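Shown next, in structure tokens, is the structure this report addresses.
The values are calculated or read from the model by the stated rules, or taken from the named source; none is laboratory data. Computed from a predicted structure; not experimentally measured. Neighbour counts run over all protein chains shown; Cβ positions are idealised from the backbone, glycine included. Note: areas computed on protein heavy atoms with side chains; ligands, DNA, RNA excluded. Shrake-Rupley method; radii C 1.70, N 1.55, O 1.52, S 1.80 Å.
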Amino acid sequence: MKNTSKIYPWVVVALLWGVALLNYMDRQMLSTMKEAMQADIAELQSAANFGRLMAVFLWIYGLMSPVSGMIADRLNRKWLIVGSLFVWSSVTYLMGVAETFQQVFWLRALMGVSEALYIPAGLSLIADYHTGKSRSLAVGIHMTGLYTGQAVGGFGATVAAAFSWHTTFHWFGIIGIAYAVLLMLCLRDKKAPAAPVRPSVTERASAPSREGLFRGVVMLFSNIAFWVILLYFAVPSLPGWATKNWLPTLFAENLGIPMSEAGPLSTITIAISSFVGVLLGGTLSDRWVQRNIRGRVYTGAIGLGMTIPSLLLLGYGHSFVAVVGAGLLFGVGYGMFDANNMPILCQFVSSKYRATAYGIMNMTGVFAGAFITDLLGKWTDGGSLGQGFAMLAAIVCVALAAQLYFLRPQVDNME
């Protein structure tokens, strides 16, 4: 199978879609199997201890993301992805062997390191294989793998109830290890060829072939456009993580329904609409950029703009139509935004530093998520969860204005 074939770039998307699914599935499983595990590991009966498990993953995952990006820009991405998948799948398998809280804690920390290695490498590889007419759609399809993995991971408790939590971790780990072997045989790296483009701050500084580990970071932060992209990525991460962690609670409060109904309703609402959003946003962006170089920026802006009224409705709506409709609108808008993050980044950052750039973006998004999750928890205790969601709309407006005013690309693919 040749890298130059027209089919292989889509094979890469299909292969990495499976990795994305496993990435989110394996991290999500622990949150659903708390009750099954606490019968054997007494420390997990403490909410504080369980919170430590969830927090250690987020902090290490966030801190490792920029490092992962720098590594991905310098090493063969195929082997980085294969190694990352193999390690976190092995960790998943070993979770089923763990007998103490400390063992689970350190395995969860190791999963944060290994999973952080994937996203920057995977997205930069897709961006190199897909240029112009297919980049946003390819990235969008890949993002649906993350959404699917999050949903599938929610069934961990169901499998654990049928068998045991040990068996569940074992088999999900074995599946990942087997998939890593498949990637060894089928996945190939690709470095984008150099091409003359208009000079930029990033490009002028990228001439030396031998560069220090942090040279790319220095160059990125000397590029004003990257600061705007970082703001544009980080701010929507606040409502993005808010919906992941608090939307079931908001549905239960605003609709007056039990959590057993609110959980599935909110999850399905966001999952289905996000699927539609990434496919719509990817297709629209790829076509629009052929006619207008700011087409990707405008598509992302449309998606981000859709989240503003949806956040207001989520915060203050109390009817089924208003709340579920707002959830659907948010999912479509956020999906359109999600599908265009890496493609917009490619318009301003050289292919040599895209993984590093996305790693920094990923870290910023994760830390924003940790901040808003904690803050909304406090607001929930004070009975102001809905108001918190509505206030996020104003913050998103700032990011949207900055994006439209400052992001003016000259090319679609900065080499």
message: Just to verify a result, which residue in segment 299-317, among those that are more than 20 Å from Ser384 (Cα to Cα) and in contact (Cβ under 8 Å) with a residue 60 or more places away in the chain, is surrounded by the fewest Cβ atoms within 10 Å (Cβ to Cβ)?
response: Gly305
query: When you look at Ala109, is it within 23 Å of Gly365 (Cα to Cα), modelled with pLDDT of 90 or more and part of a helix (DSSP H, G or I), yes or no?
result: yes
Considering residues of segment 26-51 that are of a type in the set (D, E, K, R) and exposed (fewer than 15 other Cβ atoms within 10 Å of the Cβ) only, the residue farthest from Glu115 (Cα to Cα): Asp40
Segment 206-241 - residue that is of a type in the set (A, V, I, L, M, F, W, C) and outside any helix (DSSP H, G or I) and, of those, modelled with the lowest pLDDT: Ala207
- request: Can you run down the residue pairs with Cβ atoms below 7 Å, 6 or more apart or on separate chains, where the first is in segment 391-405 and under 11 Å from Val297 (Cβ atoms) and at pLDDT below 95 and the partner is of a type in the set (Ser, Thr, Tyr) and part of a helix (DSSP H, G or I)?
  value: Gln403/Tyr232
field: Pairs with Cβ under 9 Å, 6+ apart, first in segment 242-265 and more than 20 Å from Gln28 (Cα to Cα) and in a helix (DSSP H, G or I), second open to solvent by 70 Å² or more (accessible area, probe 1.4 Å) and at pLDDT 85 or above
entry: Asn254/Tyr316; Asn254/His318; Leu255/His318; Leu255/Phe320
query: What about Thr158, is it open to solvent by 40 Å² or more (accessible area, probe 1.4 Å) and assigned to a helix (DSSP H, G or I)?
result: yes
query: Residue check: is Tyr334 among the aromatic types (Phe, Trp, Tyr) and either without any contact (Cβ under 8 Å) to a residue 40 or more places away in the chain or closer than 18 Å to Leu125 by Cβ (or both)?
result: no
query: Taking into account only those residues within segment 374-390 that are open to solvent by less than 40 Å² (accessible area, probe 1.4 Å) and under 21 Å from the mean Cα position of the chain (by Cα), which is modelled with the highest pLDDT?
result: Phe389
message: So if I check each of Leu123, Leu58, Leu75, which one is modelled with pLDDT under 90 and either within 15 Å of the chain's Cα centre (by Cα) or among the hydroxyl-bearing types (Ser, Thr, Tyr) (or both)?
response: Leu58
Those residues of segment 72-93 which are open to solvent by 10 Å² or more (accessible area, probe 1.4 Å) and within 21 Å of Ser350 (Cα to Cα), in sequence order: Asp73, Arg74, Leu75, Asn76, Lys78, Leu80
query: Which is among the aromatic types (Phe, Trp, Tyr) and surrounded by fewer than 18 Cβ atoms within 10 Å (Cβ to Cβ), of Phe163, Phe172?
result: Phe163
- request: Taking Leu21 as the residue in question, decide whether it is part of a helix (DSSP H, G or I), open to solvent by 20 Å² or more (accessible area, probe 1.4 Å) and of a type in the set (A, V, I, L, M).
  value: yes
statement: From the option list Arg198, Arg188, Arg135, single residue qualifying as under 30 Å from Gly295 (Cβ atoms), at pLDDT 85 or above and not in a helix (DSSP H, G or I) is Arg188
field: Members of segment 283-298 found to be without any contact (Cβ under 8 Å) to a residue 60 or more places away in the chain and open to solvent by less than 10 Å² (accessible area, probe 1.4 Å), listed by number
entry: Gly295
field: helices (runs of 4 or more DSSP H) wholly inside segment 329-415 that include at least 1 residues being under 18 Å from Met306 (Cα atoms)
entry: 341-346, 385-406
- line: Checked against (1) farther than 30 Å from Arg291 by Cβ; (2) in contact (Cβ under 8 Å) with a residue 40 or more places away in the chain; (3) in a helix (DSSP H, G or I), Ile126 satisfies every condition except (1)
message: So if I check each of Gly69, Gly112, which one is closer than 25 Å to Gly282 by Cβ and under 16 Å from the mean Cα position of the chain (by Cα)?
response: Gly69
